[in-house]
Amino acid sequence: MKKTRLLTGYLVLSVVLVHPVLAQTTAIPVKEIRAGANGGEPRFVAVLNNILYFSASTSANGRELWRSDGTDAGTYLLKDIRPGSGDSDPTNLTVSNGILFFGANNGINGWELWKSDGTEAGTVMVKDIYAGFTSSNADLFTDVNGTLFFSAATNATGQELWKSDGTEAGTVLVKDVVAGSFSGNPSWLTHVNGTLFFAGYNSFNGYALWKSNGTEAGTVQIKDVPFALNPHDMAALGSTLYFTGNGGADGPVFWQSDGTETGTVIVIDVTPGTSGGPKFTTNINNTLYFAATNGSSGDELWKSDGTAAGTVMVKEIYPGSAGSTPQEFKFINGACYFQANDNTAGVELWKTDGTAAGTVLVLDLEPGVSSSIPTNITGLNGDIYFVASTGTSGRELFKLVSTTLPVTWVSFISAWLPDNTVKLQWQVTNERDNSHYELQHSTNGISFTALGTIPANTIAAGTNTYSYIHQSPTHTTNYYRLKQVDKDGRYDYSKIVIATTKGQGPPSFTVSPNPATGSTVTLRSSLLLEQPHLITITGEDGKLVNKIQVPQQPAPQYQLPLYHLSNGIYFLRIEGNGYTDIRKILVQH
């Protein structure tokens with residue numbers, strides 16, 4: 001963003017956006033589920049009968065169950081399970097035997113097991129496992145040959161292993177791993193060639209490796225070690241389970257298991273010493289991909305064929321000790337897609353064919369070091385969908401497309417005029433199949449409303465200039481953006497520009513490092529820190545996490561503690577000295 005002072009005394013802020021005219025890979029939001037910096041925040045994307053299902057949030061309905069066929073019109077709320085603005089918060093959407101299962105809270109029965117056939121009427125609670133308002137915390141759903149296994153709690157058993165065929169009668173406890181009301185806490189449920197493997201607590205020594213065939217007698221401990229195996233990050237390769245577990249003096253190492261105690265052995269210590277071990281391990285077309293550090297690099301992209309010799313680093317995407325932290329692996333259209341941070345493009349969408357040369361950035365959706373943080377990467381009918389956020393759209397569901405952009409943005413300028421109006425002017429070239437522009441306004445940079453619609457120029461050649469006068473801006477700070485709409489209904493957003501009555505442009509603050517890997521981040525902004533200010537932290541779900549009142553700072557920076565935050569996406573809102581600004585951060589302790 002470039003700020004320019006005019007001699008007439010009004011402020012101009014311009015954003016110059018340049019896109020190549022040739023066809024390119026880009027991503028478009030499927031639907032703006034909720035306007036503003038947070039967006040609809042879709043999560044837990046699953047596919048059933050060529051339809052995407054996920055949870056998403058709106059101010060009117062809270063976080064509820066949605067469905068999408070990949071179009072704007074075909075993306076809508078499936079059911080308001082907890083009527084009103086409260087959240088039923090559907091989680092861990094999983095398909096088993098043609099049924100979509102998930103956990104949800106209707107506000108009456110607590111958090112329980114639900115299912116859906118894709119219709120509102122067919123979206124129902126399967127069973128109130130922990131009867132009454134108390135939640136069973138049904139979670140970790142895993143399909144094994146048409147049977148759903150999961151973790152759930154009752155007062156009598158604690159959190160234990162359950163299974164379901166989608167009926168109330170067929171939803172039953174498999175085994176009380178730790179007898180009585182103490183919890184076995186089954187975790188990392190993984191399907192391996194018709195058998196369920198999981199980590200279970202054994203009250204003597206911590207977490208051990210277990211397996212189950214769906215019967216109480218057939219649910220048994222496979223292996224533990226004197227120092228607690230603590231198996232995690234599990235994935236199947238053929239009929240063998242691979243996981244990260246405790247190797248004693250070596251710390252976390254790479255293990256394999258054939259389901260027997262003697263066949264559960266260490267494959268390789270990827271990180272010599274007492275730290276490290278594979279993370280986010282995923283079977284991608286019969287090759288295991290994961291993130292790991294070899295001791296000199298940070299967490300980088302690795303692969304394995306299940307042997308020590310075949311366990312190798314694919315590419316050091318972010319050279320040095322920080323690491324690119326690849327994760328969210330998904331096999332689509334013959335390639336492995338994932339998110340990673342190369343410290344140039346931020347956390348963005350990558351793909352690999354298993355070679356260093358074939359490991360490339362797919363798209364820098366949020367240009368520069370800022371991050372779109374793609375998650376829930378999913379394939380549907382040959383297309384690639386993912387959840388990501390930009391400075392204009394918030395966190396929404398995107399579709400990857402190869403297209404010739406309908407317009408090439410040249411500039412977008414706001415100017416506060418002497419008559420206390422704001423003039424907005426933008427230039428574009430190469431307009432193709434462009435229907436119109438919707439100019440949107442906000443007083444906080446989060447919630448935008450439409451000011452007006454400006455039809456596209458019917459003459460596509462050359463550079464076209466558009467303008468609009470906002471007659472009644474607020475007398476503080478005004479945020480503007482453009483929604484460019486194609487003739488087929490697809491749309492894109494410009495960057496945000498700002499107009500203010502102040503004698504200077506609104507300050508912004510920087511956050512570093514981002515992603516945040518330590519216990520603090522540094523905020524820098526001289527104007528905002530000249531006076532006492534308020535820092536508000538909200539989670540990816542829009543819920544308040546913390547508020548911090550900070551006095552005037554002797555230096556233009558402030559160390560913000562993050563030790564209370566778990567890993568995830570957060571939004572920092574800083575208010576002070578008459579200004580408000582927002583930044584998105586990724587916490588990766």
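The values are calculated or read from the model by the stated rules, or taken from the named source; none is laboratory data. None of these values were measured; they are calculated from a predicted model. As a convention, Cβ positions derive from the backbone with ideal geometry for all residues, glycine included, and neighbour counts pool all protein chains shown. Remember, those area values only see protein heavy atoms, side chains included, never the ligands or the DNA or RNA. Shrake-Rupley method; radii C 1.70, N 1.55, O 1.52, S 1.80 Å.
Results, tabulated for the structure shown:
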| read-out | value |
| --- | --- |
| Principal axis dimensions, largest first and in whole angstrom, of the chain by Cα | 83, 55, 50 |
| LYS127 long-range amide H proximity, modeled H, under 5 Å | LEU113 |
| 24 Å tail of the calculated P(r), the range 20-173, as % of Cα pairs | 35 percent |
| Karplus-derived 3J(HN,Hα), 6.51/-1.76/1.60, for each residue of the range 194-209, Hz, glycine and proline x | x, 10, 8, 9, 7, 9, x, 7, 10, 6, 8, 9, x, 8, 10, 8 |
| P(r) tail fraction, the range 260-405 - alpha-carbon pairs more than 23 Å apart, % | 37 percent |
| FRET efficiency for ASN205 and ILE108, using Cβ-Cβ distance with R0 set to 45 Å, rounded to 0.05 | 0.70 |
| Amide hydrogen neighbours beyond the local backbone of TYR491, cut-off 5 Å, H modeled | ASP486 |
| Average projected area [Cα convex hull, the range 266-347], square nanometres | 5.4 nm² |
| Nearby aspartates and glutamates by direct alpha-carbon distance to LYS315 (threshold 17 angstrom, same-chain neighbours under 8 apart not counted) | ASP299, GLU300, ASP305, GLU328, ASP342, GLU348, ASP353 |
| Label-to-label distance, nm, for residues given as THR167 and ALA322 (7 Å Cα→Cβ offset) | 5.6 nm |
| Estimated vicinal HN-Hα couplings, Hz - the range 252-264 in sequence order (Karplus 6.51, -1.76, 1.60; Gly, Pro = x) | x, 9, 8, 10, 9, 8, 9, x, 10, 5, 5, x, 9 |
| Segment SER275-TYR76, length gained on full extension (0.36 nm per residue, minus Cα span) | 67.1 nm |
| Cα gyration tensor category, rounded, prolate or oblate, for the range 97-137 with a/c compared to 1.5 | prolate |
| Cα-based convex hull, the range 36-98, per residue volume (Å³, whole number) | 87 Å³ |
| Cross-link pairs LYS127/LYS547; LYS279/LYS495; LYS163/LYS223; LYS31/LYS487 - those with Cα-Cα distance over 27 Å | LYS127/LYS547; LYS279/LYS495 |
| Distance from the range 101-145 to the range 235-284 (C-alpha centre basis), Å | 33 Å |
| Calculated FRET efficiency for the pair ASN286/LEU361, C-beta based, R₀ 22 Å, to 0.05 | 0.30 |
| Label-reachable residues, the range 185-218, where backbone N falls under 19 Å from a point 7 Å from ASN145's Cα toward its Cβ | 189-198, 210-218 |
| Dipole magnitude of the range 83-196 about its Cα centre (Cβ charges: Lys, Arg +1; Asp, Glu -1), debye to nearest 20 | 240 debye |
| Portion, in percent, of the accessible area of the chain that falls on carbon or sulfur, probe 1.4 Å | 51 percent |
| Charged-residue dipole, Cβ positions (Lys, Arg, Asp, Glu), the chain about Cα centre, Debye nearest 20 | 1580 debye |
| Calculated log₁₀ intensity ratio I(q)/I(0) where the Debye formula runs over C-alpha points of the range 163-316, q = 0.17 Å⁻¹ | -0.95 |
| FRET E, pair LEU417, THR510, Förster distance 25 Å, beta-carbon r, rounded to 0.05 | 0.25 |
| Accessible area expressed per residue, the chain, with surrounding protein chains retained (probe 1.4 Å, Å²) | 40 Å² |
| Karplus (6.51, -1.76, 1.60) ³J(HN,Hα), θ = phi - 60°, over the range 361-371, in Hz, Gly and Pro reported as x | 6, 7, 7, 9, 5, 10, x, x, 6, 5, 10 |
| Distance (nanometres) between label positions extended 7 Å along Cα→Cβ at THR443 and ASP69 | 4.1 nm |
| Whole-number percent relative contact order across the chain, with pairs defined as alpha carbons under 8 Å at least 6 apart | 11 percent |
| Within the chain, longest stretch clear of exposed trypsin sites (Lys or Arg not before Pro) (DSSP loop, no more than 12 other Cβ within 10 Å) | 1-486 |
| 5 angstrom amide H check on THR171, placed H, neighbours 5+ away | ASP165 |
